[in-house]
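Working notes, beginning with the structure itself.
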Amino acid sequence: MESCTVLDRAAACDRLGLEEDLIDELAHSLLERSRETLAEIAAALQSGQFHRAEDGAHSIKGSAATLEANDLAAAAQRLELLARSKVFDQCQDAWQELNVALDKLAAVLGSE
């Protein structure tokens, strides 16, 4: 099931010892913060500040992994690694993938 890779609520509940409704609240907060961070990453990439882009992607990755938002964590990790290598075109592609992963998370959260 695709939504499980987008947000694995059962695994997040087990990991954090929280009820599902609290996981959803945290996931909504993650979505909001990640959208802000994504804009900061875009600005960092445009100005050649790859270390800022790497830091932003790392932040999203950690929060997403904690909540078992696995697709988002994977996309953020890819961008983090590419920003470290300072390859602008590949970073732009990874930024787009991160956007798609955020949209998928928003869809899962909005569909329930």
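Readers should treat all values here as calculations from the given coordinates under stated rules, not as data from a laboratory. Just so you know, these numbers come straight off a predicted model, no measurement behind them. Virtual Cβ from ideal backbone geometry, glycine too; neighbours counted across all protein chains shown.
Its relative contact order, with pairs defined as Cα atoms under 8 Å and 6+ residues apart, puts the chain at 32 percent. Taken one residue at a time, the phi angles of region 78-94 give Karplus couplings (6.51, -1.76, 1.60, θ = phi - 60°) of 4, 5, 4, 5, 5, 5, 4, 7, 6, 9, 4, 4, 5, 5, 4, 4, 5 Hz. Gly and Pro are set to x.
Could you list 104, 86 so that the one with the fewest beta carbons within 10 Å of its beta carbon is first and the one with the most is last? List each step's numbers first, then the result.
Details: 104 19, 86 14.
If I rank by nearby Cβ atoms, fewest first, I get 86, 104.
Volume per residue of the convex hull around the Cα atoms, evaluated for the chain, comes out as 80 Å³. Taking other C-beta atoms within 10 angstrom as a stand-in for reagent exposure, 35, 9 fall in the order 35, 9, fewest first. Since only 69, 108, 18 are under comparison, the one whose Cα sits farthest along the positive direction of the charge dipole of the chain, derived from C-beta charges on Lys, Arg, Asp and Glu, is 69.
Rounded to the nearest 20 debye, the dipole magnitude of the chain is 560 debye, with +1 charges on Lys and Arg beta carbons, -1 on Asp and Glu beta carbons, and the Cα centre as origin. For a paramagnetic label modelled on residue 21 (point 7 Å from Cα along Cα→Cβ), amide N atoms under 16 Å away belong, within region 83-112, to 112.
Helix-derived [θ] at 222 nm for the chain: sum -39500 (n - 2.57) over DSSP H runs of at least 4, divide by residue count, nearest 500? Only helices count here, giving -28500 deg cm²/dmol. Using the beta-carbon distance between residue 87 and residue 36 and R0 = 35 Å, what value does 1/(1 + (r/R0)^6) give for FRET efficiency, to the nearest 0.05? About 0.90, to the nearest 0.05.
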